[in-house]
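Heads up, the thing below is written out as structure tokens.
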Amino acid sequence: MITAGVDVGSLTGKTLILKDNEILSWSLISTGPDSSETAKEATDIALKEAGLSFDDIDYIVSTGYGRVVVPFSDKNITEITCHAKGAYWFFPRVRLILDMGGQDCKGIRCDDTGKVTNFAMNDKCAAGAGRSMEIMSGLLDTPLAEMGGLSLDIKNKLAPLSSTCVVFARTEVLGYLHEGTHKNDVLAGACEALADRVYTLLKRVGIEGDFVISGGIAKNIGVVKRIEQKVGLKANICFEPQIVGALGAAVFGREILGKKTAKKK
């Protein structure tokens, strides 16, 4: 049984191909202006990597911001449900999940089967999402991949930033730079502000049990370490935290197809 999960987010598109319970391949690309084209491109890449064609896929589930516009999916399922399912596949003891995407972040609680029992999302302000890190990257002329490590190397003292509004934080950053504040200290403030925002979110769903972080921000060690300190838990992070939703979608595809096959017997 071969299934695929297609996760079209606001910033990235991912496709993961699953054969029974084994990951065959996956892709990760930037989301273009046409979400359906992004889904097609990501899926083509994953298929090529696996040495398969569309005809070899038995069932496709789409998820994410652009899930409803994936023309070749058999079903679409919310990203909250898929991230819980994917996190559970990687870490079966998980009970608390933080998914940090480009435009929002979600705190998710699940039971011992990976089923969602509670969740909370940040409000409309991008201060609570990975997008805020992209804005800081541009302001501070620092690659995203380097921001986390630099934020832990504080030169003088952390430069506090607004944790409620990325617009206010931007003004504060420009002020600090004008004053000659070291870039690392400003980065520390940015990561701390995001961690504060996330901690408030996670408290709403309840902090306990094994903890998983998914999404691109899981690659930022400066944010991850600060979140871990606040929640008092070590974060479990898979080898590529941006494919968790796509994996969950593929797992759902396998389960749906399995039920349909069983009914026919």
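What follows draws every value from the coordinates through simple rules; no lab data is involved. Keep in mind it's a predicted model, so treat the numbers as computed, not measured. Positions of Cβ are backbone-derived with ideal geometry, glycine not excepted, and every protein chain shown enters the neighbour counts.
Between the helical axis of 166-179 and the dominant principal axis of the chain, each derived from Cα atoms, what acute angle in degrees is found, rounded to the nearest 10? The helix 166-179 is inclined about 40 degrees to the chain. A Gaussian network model of the chain, with springs between Cα atoms under 10 Å, assigns the largest mean-square fluctuation among Gly216, Gly138, Gly102 to Gly138. Comparing Val69, Val94, Val224 in a Gaussian network model of the chain where C-alpha atoms under 10 Å apart are linked, the largest mean-square fluctuation is found at Val69. The calculated FRET efficiency for Thr261 paired with Ile29, based on their beta-carbon distance and R0 = 25 Å, is about 0.20. Annotation for region 84-179: trypsin sites (Lys or Arg not before Pro) lying in DSSP loop with at most 13 further Cβ atoms inside 10 Å of their Cβ are Arg93, Lys115, Lys124, Lys155, Lys157. Taking 0.36 nm per residue of sequence separation and removing the Cα-Cα distance, the Lys75/Asp44 pair yields an extension gain of 9.3 nm. Across all Cα pairs in region 1-48, the calculated P(r) in 10 Å bins from zero up to the longest distance comes to 33, 51, 16, 1 percent per bin. Under 1.5 on a/c is rounded, so check that first for region 93-237, then, if it is not, pick prolate when a/b is larger than b/c and oblate when it is not; a ≥ b ≥ c are the square roots of the alpha carbon gyration tensor eigenvalues. The shape class here is prolate.
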